[in-house]
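A short worksheet on the structure shown next.
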């Protein structure tokens, strides 16, 4: 005679009247069936489908029930069952051409997730990662001594000389050379004028 399998202790959570079709919810629940609860939670967190959000809430509720009511640890739980049943369909209509009407079906579903305590060896634990080896400390390189800066007086002597001569030139302008005065015309002797007058009279 076959030995009857011992009944497992299960914890259940259900969400009713979820605004999602049962077909779309089943596509999401297939990914977490038989998985550990921790892994199932991460799978639903990265699912792009909208039904994954509602399924994640149901899974979180089932885990909370197992921890608070039954005293189980989240790491020891597996998803024993996950399914979606059809709920009532809301019927709406939309006006079309020629006075006709198209029917709109807004479907609902009931999502149920059941958790159970995993048996020994049923959950494959990931091996712990070895601690990273500490990196060897790098010896600091000797710093080069900074080059001695030349004094400013030696670096640019011509510039300072120009700077010193410019204010002196500006302060003491050179005196302008005096222009030579125009010499007065020499007065002609009276004797010459008298001789001219006589010459003119003789010619007349």
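The values are calculated or read from the model by the stated rules, or taken from the named source; none is laboratory data. It should be emphasised that the depicted structure is a prediction, and the values quoted were computed from it without experimental measurement. Methodologically, a virtual Cβ is constructed for each residue, glycine included, from the backbone with ideal geometry; neighbour enumeration extends over all protein chains shown.
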Matching residues, region 70-98, being farther than 30 Å from residue 8 by Cβ and either in contact with a strand residue (DSSP E or B) (Cβ under 6 Å, 6 or more places away or on another chain) or free of Cβ contacts under 8 Å to residues at least 60 places away in the same chain (or both): 89, 90, 91, 92, 93, 94, 95, 96, 97, 98
Selection count, region 19-29, where residues are more than 13 Å from residue 83 (Cβ to Cβ) and surrounded by 14 or more Cβ atoms within 10 Å (Cβ to Cβ): 3
Evaluate the following for residue 56: is it surrounded by fewer than 22 Cβ atoms within 10 Å (Cβ to Cβ) and on the phi > 0 side of the Ramachandran plot? no
Scan region 59-100 for residues that are crowded, with 18+ Cβ neighbours inside 10 Å and out of contact with any helix residue (DSSP H, G or I) (no Cβ under 7 Å at 6 or more places or on another chain) and report the count. 4
Tally time: how many residues in region 85-110 are assigned to a strand (DSSP E or B) and either farther than 24 Å from residue 67 by Cα or at pLDDT below 95 (or both)? 15
Residues within region 111-128 that are assigned to a loop (DSSP other than H, G, I, E, B), modelled with pLDDT of 75 or more and farther than 11 Å from residue 78 by Cβ, tallied: 2
Conditions (1) touching a residue at least 40 places away in the same chain (Cβ under 8 Å); (2) over 30 Å from residue 66 (Cα atoms); number of the one not met by residue 113: (2)
Unmet requirement for residue 80, which otherwise passes all of (1) assigned to a strand (DSSP E or B); (2) farther than 21 Å from residue 38 by Cα: (2)
Flag if residue 8 is more than 14 Å from residue 112 (Cα to Cα) and surrounded by fewer than 15 Cβ atoms within 10 Å (Cβ to Cβ): yes
